[in-house]
Amino acid sequence: MSWYRWLGDELELQLRIQPKASRNEFIGPHGDEFKLRITAPPVDGKANAHLLKMLAKAFGVSKKQVLLIAGESSRSKRVRIKNPQTLPIPVKRPTS
């Protein structure tokens, strides 16, 4: 499985998160996941909230358009982004 797939106009990402990093950044493909570093600690859902906010900003959508599908208490997470306006990572849109 690739670390991303398109479901119509929604982008689903398989991510590997490194919490409590010195800065927020997209690292790159890491096997079947895309690795990100975030500054938030993995305590009381802070890392998840921070991740969703970071992705919303990076993809040019509202926070309501970014959904955590799986991995609430894991470093491996699956998220879905509805109608991303920008693609800050190497993702190809499907051709019509």
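A short reminder: the numbers here are calculations on the coordinates, not readings from a lab. What you are looking at is a predicted structure, and each value in this text was computed from that prediction instead of being measured. Glycine also receives a Cβ, built like all others from the backbone with ideal geometry; neighbour counts cover every protein chain displayed.
Things worth noting here:
- Taking the Cα atoms of the chain, the ratio Rg/Rh between the radius of gyration and the Kirkwood radius comes to 0.94.
- Dipole of region 4-76, positive direction: furthest Cα of 30, 41, 7, with charges on the beta-carbon: 41
- Computed on the chain, with alpha-carbon pairs under 8 angstrom and 6+ residues apart, the relative contact order is 29 percent.
- Within the chain, percent of DSSP bridges classed antiparallel, to nearest 5: 85 percent
- Amide H contacts of residue 10 (H built 1.01 Å from N, under 5 Å, at least 5 apart or other chain): 83
- Structure-based [θ]222 nm, the chain - -39500 (n - 2.57) summed over DSSP H runs of at least 4, per residue, nearest 500: -4500 deg cm²/dmol
- Evaluating 6.51 cos²θ - 1.76 cosθ + 1.60 at θ = phi - 60° for every residue in region 49-54, the Karplus couplings come out as 4, 5, 4, 4, 5, 4 Hz, glycine and proline recorded as x.
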